[in-house]
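First the structure, in the form of structure tokens, and then the observations on it.
The values are calculated or read from the model by the stated rules, or taken from the named source; none is laboratory data. Fair warning: this is a prediction, and the values are worked out from it, not measured in the lab. Cβ placement follows ideal geometry from the backbone for every residue including glycine, while neighbour counts extend to all protein chains displayed.
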């Protein structure tokens, strides 16, 4: 790593661990483009897809157009992340690295802080929905709060254990869960067209208000469903040949998810009558029953696919949560323990904390109404706290393009400017669509992060890692 302000820390190996050779360590701690693409797909396609068609139906068939527009915006961001990874010399940490490279340590810290908050809070959101599907799969009726918390712990700590076993084991587990969830959903999206009835589709605008309101309803769930397009960029250190493979994995994974979302959402709308769909909490169950009316185990099948989908998403997001904190910690911009690694080069402290924080949050959520309120607030935060790093990344590329550092002119410059400006506007729209309450809460989180940064900067000044600002000599003399 190279930066005039960077703190270079050696990987801290657990006492008594046998260190691997540099070549073996590189192979053990890296994944190829296929696994990186699987990581993107597995992180995007979580639990939300299993309720998305019902939410979209509430907005009407216009929601499919909204979903398509947001899919295009997500693709542009994926292209942008690939461009930034190729351009930024040290892209370890992805969105954090882009902002730090272009705007300095403070911008990098705020970007990493915002994304880290969204990552572990998002894990709590995923596991909360995952628990419901586990209950449905195993027929657990009226479970106590502690029972559900025990199930949540399983969903959080199994992925943590897989990640602690090494990134290659994580990639194998991720690829398995991607197949287990992607293929059944794709089956519905393709075969389901043979059973679609045009009468089942609802009106173009089913919101009961203006078309703008309908677009807002659809945009919220669609935006949340595409969070994860950036995970290959965040984990760039773990990807072989990241300057090439991060962009490929981001675009391919996002494109696959976009096609899947559009297919399954449209098919489910055509399989289930509109009035039934809008009130359904598990829309794929009546969709399966419409395709195969004599099958009585449709609910169990949907629950099993959702369980596989959720555990796969938690597996990927555990790695992402650890990586987005490890990179700034190596530069002294996060507390040093986040940079501690074991002999497999896994950021074990970040992985453990990625399971501990959601575990505590879920314990609070299952036992107190206040905890549930806090949990809801943190879930709402994920959209805005992800939008901030998106926006910072797009602005970092914009600053580069409008400067005189770029040699390429003509239509190539116009093309990249179009992509970047669209990404800037898309990120702003994500923030706007999240609502005033979520933006207010995100501001509070940012202010807390700035206060923490004050202590981190003071510590770096004392260690001589950054230059202290020059103060008024009279003040320094006590006058």
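Residues of the stretch 80-102 being touching a helix residue (DSSP H, G or I) at 6+ places or on another chain (Cβ under 6 Å) and either at pLDDT 95 or above or in a helix (DSSP H, G or I) (or both), which ones?
80, 81, 82, 84, 85, 86, 95, 96, 98, 99, 100, 102
Can you tell me which residues in the stretch 165-194 are touching a helix residue (DSSP H, G or I) at 6+ places or on another chain (Cβ under 7 Å) and within 27 Å of residue 347 (Cα to Cα)?
166, 167, 168, 169, 170, 171, 173, 174, 175, 177, 178
Conditions tested, residue by residue: (1) assigned to a helix (DSSP H, G or I); (2) at pLDDT 90 or above; (3) farther than 30 Å from residue 240 by Cα.
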{"position": "128", "(1), (2), (3)": "yes, no, yes"}
{"position": "132", "(1), (2), (3)": "yes, no, yes"}
{"position": "135", "(1), (2), (3)": "yes, no, yes"}
{"position": "143", "(1), (2), (3)": "no, no, yes"}
{"position": "153", "(1), (2), (3)": "yes, yes, yes"}
{"position": "158", "(1), (2), (3)": "yes, yes, no"}
{"position": "168", "(1), (2), (3)": "yes, no, no"}
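Examine the stretch 278-288 for a residue that is at pLDDT below 95, in contact with a strand residue (DSSP E or B) (Cβ under 8 Å, 6 or more places away or on another chain) and surrounded by 24 or more Cβ atoms within 10 Å (Cβ to Cβ), and state whether such a residue exists.
Checked the stretch 278-288: no residue is at pLDDT below 95, in contact with a strand residue (DSSP E or B) (Cβ under 8 Å, 6 or more places away or on another chain) and surrounded by 24 or more Cβ atoms within 10 Å (Cβ to Cβ).
Let me confirm something: among 304, 313, which residue is in contact (Cβ under 8 Å) with a residue 12 or more places away in the chain and either surrounded by fewer than 21 Cβ atoms within 10 Å (Cβ to Cβ) or more than 26 Å from the chain's Cα centre (by Cα) (or both)?
304
If you check residue 63 against the conditions, is it assigned to a helix (DSSP H, G or I), out of contact with any strand residue (DSSP E or B) (no Cβ under 9 Å at 6 or more places or on another chain) and on the phi < 0 side of the Ramachandran plot?
Spelling it out, residue 63 is indeed assigned to a helix (DSSP H, G or I), out of contact with any strand residue (DSSP E or B) (no Cβ under 9 Å at 6 or more places or on another chain) and on the phi < 0 side of the Ramachandran plot.
It is to be established whether one or more residues within the stretch 286-297 are touching a residue at least 60 places away in the same chain (Cβ under 8 Å) and within 23 Å of residue 155 (Cβ to Cβ).
No, because not a single residue in the stretch 286-297 is touching a residue at least 60 places away in the same chain (Cβ under 8 Å) and within 23 Å of residue 155 (Cβ to Cβ).
Is it the case that the stretch 227-235 has a residue that's more than 28 Å from the chain's Cα centre (by Cα) and assigned to a helix (DSSP H, G or I)?
For the stretch 227-235, residues more than 28 Å from the chain's Cα centre (by Cα) and assigned to a helix (DSSP H, G or I): absent.
Which is at pLDDT 80 or above, touching a strand residue (DSSP E or B) at 6+ places or on another chain (Cβ under 9 Å) and either part of a helix (DSSP H, G or I) or closer than 30 Å to residue 459 by Cα (or both), of 42, 38, 58?
When all the criteria are applied, what remains is 38.
For the stretch 445-479, give me each residue that is over 17 Å from residue 334 (Cβ atoms) and modelled with pLDDT of 90 or more.
Across the stretch 445-479, the qualifying residue is only 447.
Just one of the numbered conditions (1) in contact with a helix residue (DSSP H, G or I) (Cβ under 6 Å, 6 or more places away or on another chain); (2) modelled with pLDDT of 90 or more is not true of residue 442; which one?
All conditions are met except number (2).
Would you point out which residue out of 258, 287 is part of a helix (DSSP H, G or I) and over 27 Å from residue 135 (Cα atoms)?
When all the criteria are applied, what remains is 258.
Any chance the stretch 450-468 includes a residue that's within 20 Å of the chain's Cα centre (by Cα), in contact (Cβ under 8 Å) with a residue 24 or more places away in the chain, surrounded by 11 or more Cβ atoms within 10 Å (Cβ to Cβ) and closer than 27 Å to residue 80 by Cβ?
no
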